[in-house]
Amino acid sequence: MAILKIARMGHPVLRRVAEPVPDPTAPAVRALVADMIDTLEDIGGAGLAAPQVHVPLRLVIFRVRAERLTGDAEDVPLPMQALVNPVIAPLGEEKALRWEGCLSVPGLRGAVPRWRRLRYSGTDLDGRPVERVVSGYHAGLVQHEFDHLDGILYPARMTDFSLFGFNEEMAKYPPDLEVPR
């Protein structure tokens, strides 16, 4: 197991569409996921996409901690997950702003409009199908990680750049808008 280097905004691997994983059960995929988990644990983040560790494959890992939940019925905690070749489908038109940061955009955060409710699917590392309907924090986290697979970083989704700034400054001088985490 290893701690992997995180690609930062500007690196070309973060701007391209990632390739499908041909065999989710391959030992190399399992080894990559183990290293990604070690990396995420070391940093303390909630999710990580393969392109963020310089591997242009459609693979994400994430966990939904109970303390981050919004109270929505479909916003449920989830231990560490690996999802291969994921697909996302919004359920409804409603979006909500949520504060986001990113390991590839260190030291900054911003308010990003995200679908409130969605369905996502993919496969696990044993090749079994995974499908969930989620909302709240869980839905926002999944959208953030899946965007990495299409070469999109959260600032590209923002609609109000007055709600974007350095973590330290935003903590000292919070914007007037109350945005859920």
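Here are some notes:
- Acute angle (nearest 10 degrees) that the helix 136-149 long axis makes with the longest principal axis of the chain, alpha-carbon atoms: 60 degrees
- Per residue accessible area in Å² of region 40-181, where ligands, DNA and RNA are left out and the probe is 1.4 Å: 47 Å²
- Percentage, to the nearest whole number, of Cα pairs in the chain over 29 Å apart: 16 percent
- FRET efficiency for the Phe166 to His11 pair, using the beta carbon distance and R₀ = 22 Å, is estimated at 0.60.
- Whole-number percent relative contact order across the chain, with pairs defined as alpha carbons under 8 Å at least 6 apart: 25 percent
- Descending by average beta-carbon neighbour count within 10 Å, the peptides 97-108, 52-63, 134-145 line up as 134-145, 52-63, 97-108, the highest first.
- Structure-based [θ]222 nm, the chain - -39500 (n - 2.57) summed over DSSP H runs of at least 4, per residue, nearest 500: -6500 deg cm²/dmol
- Base-10 log of normalised Debye intensity for region 117-174 (one unit scatterer per alpha-carbon) at q = 0.24, 0.25, 0.28, 0.30 Å⁻¹: -1.07, -1.10, -1.16, -1.17
- Accessible-area composition of region 79-181, carbon plus sulfur, in percent [1.4 Å probe]: 53 percent
- Three-way shape call for region 39-96 based on the alpha-carbon gyration tensor, with the a/c threshold at 1.5: oblate
- Put simply, the amide H of His54, placed in the peptide plane, has neighbours under 5 Å in Ala7, leaving out anything fewer than 5 places away on its chain.
- A crude spin-label estimate for the pair Leu78 and Ala28, with each label 7 Å from Cα along the Cβ direction, gives 2.7 nm.
The values are calculated or read from the model by the stated rules, or taken from the named source; none is laboratory data. Please read all numbers here as calculations on a predicted model, not as lab measurements. Neighbour counts run over all protein chains shown; Cβ positions are idealised from the backbone, glycine included. Note: areas computed on protein heavy atoms with side chains; ligands, DNA, RNA excluded. Shrake-Rupley method; radii C 1.70, N 1.55, O 1.52, S 1.80 Å.
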